[in-house]
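The values are calculated or read from the model by the stated rules, or taken from the named source; none is laboratory data. The structure presented is a predicted model; accordingly, all values stated were derived computationally and were not measured. When we count neighbours, we look across all protein chains shown, and the Cβ atoms used for this are built from the backbone with ideal geometry, even at glycine. We work out accessible area using only protein heavy atoms, side chains counted, and drop any ligands, DNA or RNA first. Shrake-Rupley method; radii C 1.70, N 1.55, O 1.52, S 1.80 Å.
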Amino acid sequence: VYNSAKKSLEHHHQRNTMSLNGIIKKRYNQRGRLDTFTEIADEAFGEMYDNEKLGQFYVPSTEYLHNQQPYTLLESGWMVNAKSSNDSQSNKHDEFSALNKSTNIAPNDDFDASKFVDKNNPAIKYNHGTTTLGFKFKGGVVVAVDSRASMGSYIGSGTVKKIIEINPYLLGTMAGGAADCQFWERNLSMQCRLYELRNGERISVATASKIMCNWMYQYKDRFSVGSMIAGYDKEGPQLFYVDSSAMRLNSNFCFSVGSGSTYAYGVLDSGWKWDLTDEEAIQLGRKSIYHATHRDAYSGGFVNVYLIKEDGWINISHDDCFHLFQTYYPEKAKAINEGGEFKEKEEQKDDDGDAPMS
C-alpha cells in the first residue's frame with residue numbers, strides 16, 4: 001500500500017499541467033458528479049504561468065494559491081506584490097525583482113501621487129447657480145425653473161432641462177450638481193416603476209421622496225443635490241424637498257431652491273394664496289422665476305413651467321427671459337430697443353413734499 005501511494009504521488013507531481021478545458025472535459029464527462037473548485041484546482045499542479053505555457057489559461061493549484069502573500073496597497077493606488085522570490089528563474093530577471101518586494105514607493109516612481117497633484121495650486125471649488133421653485137395651491141402643484149447651468153462666472157449652458165419627469169404623476173427639480181441630480185432622479189424613476197409593478201399601485205410622493213432621502217443618507221454630503229419632489233397622489237397635491245445632507249422636508253406652501261431663491265420668494269410671498277386659479281398660479285410661478293433671473297447673475301436662459309393636476313403633469317410653457325422682460329416691462333424694453341431714455345413717473349409727495357407716498 002505504501003509503495004502504491006508513493007508511486008501515485010510521484011506520478012501526480014511529475015505530469016504536465018493540465019489546461020482548464022482538459023480538466024473540465026475529464027471531470028464533467030462523468031454524469032452526476034460535480035467536483036468542488038478545490039478539487040479542480042488540485043488537478044492543475046504548478047505555477048500559474050511559465051515560459052512554455054504562456055498565452056494559455058491554467059488553473060493554479062491550491063498549494064500555489066496558499067503560498068501567495070497579500071499585496072501592498074500604496075497611496076498612489078498601485079498594488080505591489082509583497083512575495084519575495086527565491087526561485088532561480090526569478091533571479092534571472094533582475095529588472096523585475098523590485099516588483100516582488102514590499103515597498104512604499106510606486107514602480108519606477110512614475111505613478112506616485114505627487115506626479116499628478118500640483119501642491120502650489122489649491123483645489124478649485126466652483127459656485128453653483130440656479131433658481132427652482134414649487135408651490136401648492138387648491139388646484140394642484142406648480143413647478144417652475146430656469147435653464148442656466150453655471151460654474152462660477154462661466155455659463156456652461158443656457159438650455160438645461162432642470163425638471164426631471166420621474167413618471168406621469170411625479171416631477172423632480174435640479175439644483176446643485178447637474179450630474180448628481182440627473183443620475184439620482186433617473187434612478188428614482190426606475191424605482192418608482194418597480195414599486196408600481198410589485199405593489200400594483202402608483203407610488204406616493206412621500207414614499208418616492210423617502211427613497212431619494214435614503215440614498216442621500218448612504219452617501220451623505222458626497223454629492224451636491226437640492227431637489228424638490230412634487231406630485232399628486234391619494235393625499236392630494238404634495239411637495240417635498242430632499243438634499244445631499246439627507247434632509248427631507250414636507251411643504252404646506254412652497255419651496256424655492258438655488259442662488260436666486262431669495263428673489264423668487266419675494267414675488268411668490270406677495271402673490272400666493274390657496275384659492276388661486278390654474279392660470280393665476282401659472283403666471284405667479286413664471287413671474288417669480290423671471291424676477292430671479294433678472295436679478296441673479298447665475299440664473300437665466302428660459303423659464304419652464306409645469307402644472308401637476310390629479311390626472312398628471314402638464315408642460316405649460318418654455319419662455320425666453322428676454323421676451324418676458326418685454327412683457328412685464330414694455331416701456332423699459334421699448335426704450336432699450338429704440339435707444340432712447342426711460343423716464344420714471346414722478347413720485348407723488350406727501351403734504352410736506354419731503355417723502356414719497358407708498
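Among 204-217, 140-153, how do they line up from the highest to the lowest mean number of other beta-carbon atoms within 10 Å?
By packing density, highest mean first, the sequence is 140-153, 204-217.
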Per 0.36 nm of contour for each residue apart, how much would the distance between residue 165 and residue 280 grow if the chain were fully extended, relative to their Cα-Cα spacing?
39.1 nm
Å² per residue, accessible surface of the stretch 192-333 at 1.4 Å
51 Å²
Given H placed 1.01 Å from N in the peptide plane, which residues other than close sequence neighbours of residue 276 have an amide H under 5 Å from its amide H?
138
Packing-ranked peptide list from 324-333, 290-299, 159-168, highest mean Cβ count within 10 angstrom first, is 290-299, 159-168, 324-333
